[in-house]
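Everything on this sheet refers to the single structure shown next.
The values are calculated or read from the model by the stated rules, or taken from the named source; none is laboratory data. Keep in mind the model is a prediction, meaning the values are calculated, not measured. Cβ coordinates were reconstructed from backbone atoms using ideal geometry, including for glycine residues, and neighbour counts include every protein chain displayed. Ligands, DNA and RNA are stripped out before the accessible areas are found, and what is left, the full protein with its side chains, is counted by its heavy atoms. Shrake-Rupley method; radii C 1.70, N 1.55, O 1.52, S 1.80 Å.
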Amino acid sequence: MSIHNQVRDNLQTIEQSMRDLALWQAAPPEPEAFASTEPFYVDRMQAEEWLQWVFLPRMYALLEAYAPLPTQFAVTPYLELALKDREPNCLPLLLVVQSLDNMLYKAP
């Protein structure tokens, strides 16, 4: 299976995990939230909002464009910190995000 297909499967698993944990939102944040210049939009979005409304769409866009995938990045440490109060419940989500981090870090 190609790295692009593996990443797509992982992104779908992240989405399903968010739904299972009731972190998936039906409506996006206000448009002003997308104007952030901070990493992970920490000044304007919750971690799960950033994951759903920024990270996942950007990753899907890269896949659709057959663009090079990012390498040597890590989303998990941010999510671990941001979700620490809910960590036992969010462990399935953190594990699948860690899998994506590992997958892309190793991508050529």
If only one of GLN16, GLN25 is surrounded by 13 or more Cβ atoms within 10 Å (Cβ to Cβ) and in a helix (DSSP H, G or I), which one is it? GLN16
Spot the failing condition for LEU91; the list is (1) without any contact (Cβ under 8 Å) to a residue 12 or more places away in the chain; (2) not in a helix (DSSP H, G or I), and only one is missed. (2)
Filter region 31-42 down to residues that are open to solvent by less than 70 Å² (accessible area, probe 1.4 Å) and either in contact (Cβ under 8 Å) with a residue 12 or more places away in the chain or in contact with a Leu (Cβ under 6 Å, 6 or more places away or on another chain) (or both) and give me whichever is farthest from LEU11 (Cα to Cα). ALA33
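Each row is one residue, and each column tells you yes or no for (1) surrounded by fewer than 16 Cβ atoms within 10 Å (Cβ to Cβ); (2) out of contact with any helix residue (DSSP H, G or I) (no Cβ under 9 Å at 6 or more places or on another chain).
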position: ARG44; (1), (2): no, no
position: ALA47; (1), (2): no, no
position: LEU62; (1), (2): yes, no
position: ALA65; (1), (2): yes, yes
position: CYS90; (1), (2): no, no
Considering (1) open to solvent by 60 Å² or more (accessible area, probe 1.4 Å); (2) among the small types (Gly, Ala, Ser); (3) within 24 Å of LEU91 (Cβ to Cβ), say which one ALA74 fails and leave the rest. (1)
Selection within region 55-87 - free of Cβ contacts under 8 Å to residues at least 12 places away in the same chain and in a loop (DSSP other than H, G, I, E, B): ALA65, ALA67, PRO68
Filter region 1-27 down to residues that are under 17 Å from THR71 (Cβ atoms) and in contact with a helix residue (DSSP H, G or I) (Cβ under 8 Å, 6 or more places away or on another chain), then give me how many there are. 7
